[in-house]
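One structure below.
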Amino acid sequence: CGGSRMMRSLRLGWVLLVLLGCVSMDQQVVPVDEQEVASRAIELGVAYLRQGDYTRAKDNLMKALAIDEDSARAHNTLAIVFQQEREFELAERYFLRAISLDPALIAARNNYGAFLYARARPAEAVTQLQIATEDRFYERRAQAFENLGVAYLALADQGLALAAFERAAALNARLPRTLLELADLNFQQQDYPSARDYFLRHKALAPDSARSLYLCAQIYTIFLAVRERDQCTADLMRIFPASEGAKTLREGSPIEAHNE
C-alpha cells in the first residue's frame, strides 16, 4: 500500500508539473514590434489629420516619435498638422527635420514646397518642388509638377510654368487647376484652339469659378461664338458680380488674358 501511494503521489506530481509547464508556456510574453506600433500610430495620425482632428493627430504622431524619434514620416505629418493650425514656425521646423532625416522622402519635399509657396517664398518652393518632380516613382508626381507650375507663375516665368503644367497634365489628365492654367497660358500665347481645348477639359471636371467664366467669355469672343460668350458673361455677372472679371466686362474693357 505504501508503495502504491508513493507511485500515485509521483504520478500526481508529474501531472502537476506538466500542467504548470503548460500554464507557463501559455503566459509567455510575445515580443512587441515597436516599429509596427510606431507605423500604426503614424497611420492613425494621418487619418485624424484628414478628419481635421488635430489634437488626436498630434497625440498619435508624438506617440510614434516616442518610439522612433528619427521617423521622417512622423515629422513630415506633424509639420502638416502645425501648418493647418497656423503654427508656421513649428511647421517649418518639422519639415526641415523630416528632410534632414530622410532627404529621399519626396512627400516631405512636395509638402514643404507647397508650404513655402503659401508663405510667399516661391523661389525656395521651386528648389524643393524640382527635387520632388525628379522622382519617377513618386505617386503624387503630377501634383508636384502642378505645384511647381504655380510657383513659376508667382515668379512670372510663364515658359517654365507652361512646361510644368504640361508635364502635370501628361501624368494626370484630370487635374482641374492644371487644365485651367494651361487654358489661360495658351490663351495669353494666342494659341486659341489649345486654350479652348484645355478650357473644355477643365469645365468637364470642375464647377464654374469667376476665373473660368471670364476665361470662357474671352475664348468664345475670339471664336465669335456669341451664344456661348453671352452665357458665360451672364453667369459671371450673376454668380460672381464682385469679381475683377465681372468689373472688367461691365466697364467694357477689351478682352484680354486675366488672372484672378
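Right, Phe95: touching a Phe, Trp or Tyr at 6+ places or on another chain (Cβ under 6 Å) and free of Cβ contacts under 8 Å to residues at least 24 places away in the same chain or not? Before the answer, list the steps.
Working: touching a Phe, Trp or Tyr at 6+ places or on another chain (Cβ under 6 Å): yes; free of Cβ contacts under 8 Å to residues at least 24 places away in the same chain: yes.
Taking the combined requirement at face value, the residue satisfies it.
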Which residue is nearest to Gly245 (Cα to Cα), if the candidates are limited to region 170-185 and must be among the hydrophobic types (A, V, I, L, M, F, W, C) and either out of contact with any Phe, Trp or Tyr (no Cβ under 8 Å at 6 or more places or on another chain) or not in a helix (DSSP H, G or I) (or both)? Leu175
Here is a list of conditions, (1) within 18 Å of Pro176 (Cβ to Cβ); (2) open to solvent by less than 80 Å² (accessible area, probe 1.4 Å); (3) in a loop (DSSP other than H, G, I, E, B), and Pro241 meets all of them except one; can you say which number that is? (1)
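This table checks each residue for (1) of a type in the set (D, E, K, R); (2) outside any loop (DSSP other than H, G, I, E, B); (3) loosely packed, with under 14 Cβ neighbours inside 10 Å.
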site: Phe187; (1), (2), (3): no, yes, no
site: Arg201; (1), (2), (3): yes, yes, no
site: Leu213; (1), (2), (3): no, yes, no
site: Arg227; (1), (2), (3): yes, yes, yes
site: Met237; (1), (2), (3): no, yes, no
Of all residues in region 144-175, how many are among the polar types (S, T, N, Q) and surrounded by 21 or more Cβ atoms within 10 Å (Cβ to Cβ)? 1
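Of all helices (runs of 4 or more DSSP H) completely enclosed by region 29-89, which ones contain at least 3 residues that are over 20 Å from Pro103 (Cα atoms) and free of Cβ contacts under 8 Å to residues at least 24 places away in the same chain? Write out each step before concluding.
Values: elements: 34-51, 54-67, 72-84.
Counting at least 3 such residues, we get 34-51, 54-67.
Is it fair to say Ala210 is touching a residue at least 12 places away in the same chain (Cβ under 8 Å) and touching a Gly at 6+ places or on another chain (Cβ under 9 Å)? Spell out how you get there, then give the answer.
Numbers: touching a residue at least 12 places away in the same chain (Cβ under 8 Å): yes; touching a Gly at 6+ places or on another chain (Cβ under 9 Å): yes.
Judged against the criteria, Ala210 is a match.
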Would you tally the residues in region 205-235 being over 18 Å from Pro193 (Cβ atoms) and either among the acidic types (Asp, Glu) or in contact with a Phe, Trp or Tyr (Cβ under 6 Å, 6 or more places away or on another chain) (or both)? 4
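The values are calculated or read from the model by the stated rules, or taken from the named source; none is laboratory data. From a predicted model like this one, the values you see are computed outputs, not experimental measurements. For neighbour counting, all protein chains shown are included, and Cβ atoms are generated from backbone atoms with ideal geometry for every residue, glycine included. To get the accessible areas, we keep the full protein, side chains included, count just its heavy atoms, and leave off ligands, DNA and RNA. Shrake-Rupley method; radii C 1.70, N 1.55, O 1.52, S 1.80 Å.
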